[in-house]
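What follows is a short report on a single structure.
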Amino acid sequence: MANVIIVGMQWGDEGKGKIVDLLCPAFDGVVRYQGGHNAGHTVKFRDRHFSLRLIPSGILHPNLLCVMGNGMVVAPDAFLQELDQLAAGGVAFDGRLFLSNRAHVLLPCHAALDVAREEARGANRIGTTSRGIGPAYEAKASRYGLRTGDLFSPQLEELLAVQVERAQAELATLGAGPLPPVSDYVELCRAWAARLLPVLADTEQLLNSAIDAGKSLLFEGAQGTLLDLDHGTYPYVTSSNSTAGGACTGTGVAPTRIDGAIGVLKAYTTRVGGGPFPGELTDARGEFLRERGNEFGTVTGRPRRCGWLDTVVARYARRLNGIDTVALTKLDVLDAFDEIPICTAYRLAGTVVHELPPDRWSLETVEPVLRTLKGWKTSTVGILDPADLPQAARDYLDFIEQELAVPISILSTGPRREETLIQPHPALVRLTSDRLGKVIEQR
Ligand code: IMP
């Protein structure tokens, strides 16, 4: 058995959903450990499309345990909508989907604050998803947050009054409209509590017992490494630890019980929202990548900013997350280019640097140092044997492996599950226990 963390190595939207879905046959459970309904992907199941933002997509695999950990902030209305969607689609989740009773509740007043603060930031806006993620985590860190277990507290009204009054006071200073009275929130929370009761659990105990029983768990990070609150491009980040370390604090499973990490890396780079992006292409090539890669946000529909692959970022992500092996996604999007530059270093005030500068001002001024590789100008879609890859594509992959010093064992060349090349590198074999054959068979 192996417990594995899967994490995005860039600014999110690396295609983690597809890789998690692909690897599910090798695991007994999938666990989300941070974030909220700022994440999201659409998953196809029995000719139906499901739009999931909170619930791990593993729910579409019968019998798989799905857990939403204590590190998440959960908007109950969004969660209940997802449950309704699953029920309407005939997906059974009773007894295998659990939400931590220590996860924090994201309230409508958090979303109102998020929107008003962004408005007030003007040109310096972070470009959040407007879901209220930052204010919900802030309430948690300030120790007046409401946890899902508190929905049943006799002090529910007092707990809500603190949240609503603080939000109201700040909204007034920002010139934003009044919030509904606390009694409305109490009513809402009581209705949510009744429906949430069957899925709430002490998920720390549940997960550790599953591991004790020899089960293998896949810990799914939302967003990406560069959006991590501590290690990302602060302040243009999300409000949780999306890096591998977050899997332990966000679930209560100790680091000593985790066996490794798989990094998901897109063959080029995208980011949505504000903040530094050293290799950003603001010309027709960026536009071409966006159109070819369909780079529009799944949650907000916003166009994503696009650029070439940045190995300064990828090396940083490899180290921070202790990546054992990489799943490289969307290689096919690069099929049309004559040449493919890769950003391998930055020029900062005339000096070449190989590490990500920690401060925002340096990151905003660095220039990418590019290494240009030949394009392959032929379709790679659906190639399943490495020998069938064009030589230039192989050179591209070899270059990335050398830069990162870890093998690429999964290569995605299209949105469908069968469009995935899987190489049984020892790292992947180890992390999928003895079930890689099952993964390949169900691909
Ligand atoms: P927040 O998480 O809504 O507070 O947004 C903070 C930053 O993270 C913004 O730049 C968002 O665009 C970005 N972000 C949040 N969730 C995702 C995601 O799932 N994919 C990509 N970017 C995200």
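Within the stretch 369-405, can you find the residues that are farther than 24 Å from Val312 by Cα and not in a loop (DSSP other than H, G, I, E, B)?
Pro386, Ala387, Asp388, Gln391
So which residues in the stretch 207-258 are of a type in the set (Gly, Ala, Ser), more than 16 Å from the ligand (Cβ to nearest atom) and outside any loop (DSSP other than H, G, I, E, B)?
Answer for the stretch 207-258, where residues must be of a type in the set (Gly, Ala, Ser), more than 16 Å from the ligand (Cβ to nearest atom) and outside any loop (DSSP other than H, G, I, E, B): Ser209, Ala210, Ala247.
Is it the case that some residue within the stretch 140-148 is more than 16 Å from the ligand (Cβ to nearest atom), over 25 Å from Pro303 (Cα atoms), crowded, with 16+ Cβ neighbours inside 10 Å and among the charged types (D, E, K, R)?
Scanning the stretch 140-148, I find at least one residue that is more than 16 Å from the ligand (Cβ to nearest atom), over 25 Å from Pro303 (Cα atoms), crowded, with 16+ Cβ neighbours inside 10 Å and among the charged types (D, E, K, R), so the answer is yes.
Please state which of the following conditions Arg53 fails to meet, knowing it meets all the rest: (1) in contact with a strand residue (DSSP E or B) (Cβ under 9 Å, 6 or more places away or on another chain); (2) away from the ligand (no atom under 12 Å from the Cβ); (3) among the charged types (D, E, K, R).
(2)
Assess whether Cys306 counts as being within 24 Å of Val369 (Cα to Cα) and touching a Pro at 6+ places or on another chain (Cβ under 6 Å).
So Cys306 does not fit the description; no.
Restricting to the stretch 165-187, and then to whatever is of a type in the set (A, V, I, L, M, F, W, C) and within 19 Å of Val115 (Cβ to Cβ), can you tell me which residue is surrounded by the most Cβ atoms within 10 Å (Cβ to Cβ)?
Out of the qualifying residues, it is Ala167.
Taking the options Asp28, Asp84, name whichever one is farther than 30 Å from Pro276 by Cα, of a type in the set (Asp, Glu) and without any contact (Cβ under 8 Å) to a residue 24 or more places away in the chain.
Asp84
Taking the stated definitions as given, is Ala222 of a type in the set (Gly, Ala, Ser) and more than 13 Å from Gly35 (Cα to Cα)?
So Ala222 fails the test.
Considering only residues that are part of a loop (DSSP other than H, G, I, E, B) and either in contact with an Asp or Glu (Cβ under 9 Å, 6 or more places away or on another chain) or of a type in the set (A, V, I, L, M) (or both), which ones fall in the stretch 1-33?
Hits for the stretch 1-33 are Met1, Ala2, Asn3, Met9, Gln10, Asp13, Tyr33.
Output the number of the condition that Val115 fails; it satisfies all remaining conditions of (1) within 11 Å of the ligand (Cβ to nearest atom); (2) under 21 Å from Pro178 (Cβ atoms); (3) of a type outside the set (Asp, Glu); (4) in contact with a strand residue (DSSP E or B) (Cβ under 9 Å, 6 or more places away or on another chain).
If we test Val115 against (1) within 11 Å of the ligand (Cβ to nearest atom); (2) under 21 Å from Pro178 (Cβ atoms); (3) of a type outside the set (Asp, Glu); (4) in contact with a strand residue (DSSP E or B) (Cβ under 9 Å, 6 or more places away or on another chain), just (4) comes out false.
This table checks each residue for (1) touching an Asp or Glu at 6+ places or on another chain (Cβ under 9 Å); (2) in a loop (DSSP other than H, G, I, E, B); (3) not polar (S, T, N, Q).
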position: Arg102; (1), (2), (3): yes, yes, yes
position: His110; (1), (2), (3): yes, no, yes
position: Ala123; (1), (2), (3): no, no, yes
position: Lys140; (1), (2), (3): no, no, yes
position: Gln163; (1), (2), (3): no, no, no
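Could you look through the stretch 263-318, keep only residues that are within 14 Å of the ligand (Cβ to nearest atom), crowded, with 23+ Cβ neighbours inside 10 Å and among the hydroxyl-bearing types (Ser, Thr, Tyr), and pick out the one that is farthest from Leu52 (Cα to Cα)?
Among residues in the stretch 263-318 that are within 14 Å of the ligand (Cβ to nearest atom), crowded, with 23+ Cβ neighbours inside 10 Å and among the hydroxyl-bearing types (Ser, Thr, Tyr), the one farthest from Leu52 (Cα to Cα) is Thr269.
Residues that are modelled with pLDDT under 95 and either part of a helix (DSSP H, G or I) or more than 16 Å from the ligand (Cβ to nearest atom) (or both): does the stretch 178-197 have at least one?
Yes, the conditions are met somewhere in the stretch 178-197.
Quick one: is Val429 assigned to a strand (DSSP E or B) and surrounded by fewer than 20 Cβ atoms within 10 Å (Cβ to Cβ)?
No: the conditions fail for Val429.
Could you identify the single residue in Val43, Val67 that is assigned to a strand (DSSP E or B) and crowded, with 24+ Cβ neighbours inside 10 Å?
Val67
In contact with a His (Cβ under 9 Å, 6 or more places away or on another chain) and not hydrophobic (A, V, I, L, M, F, W, C) - does that describe any residue in the stretch 108-130?
Yes, some residue in the stretch 108-130 is in contact with a His (Cβ under 9 Å, 6 or more places away or on another chain) and not hydrophobic (A, V, I, L, M, F, W, C).
With respect to Asn241, determine if the residue is buried (at least 17 other Cβ atoms within 10 Å of the Cβ) and under 23 Å from Thr344 (Cβ atoms).
In short, no.
Looking only at the stretch 211-228, which residues are crowded, with 20+ Cβ neighbours inside 10 Å and over 13 Å from the mean Cα position of the chain (by Cα)?
Answer for the stretch 211-228, where residues must be crowded, with 20+ Cβ neighbours inside 10 Å and over 13 Å from the mean Cα position of the chain (by Cα): Leu217, Leu218.
The values are calculated or read from the model by the stated rules, or taken from the named source; none is laboratory data. All values derive from a computational prediction rather than experimental measurement. Don't worry about glycine lacking a Cβ; one is built from the backbone with ideal geometry, like all the others, and counts go over all protein chains shown.
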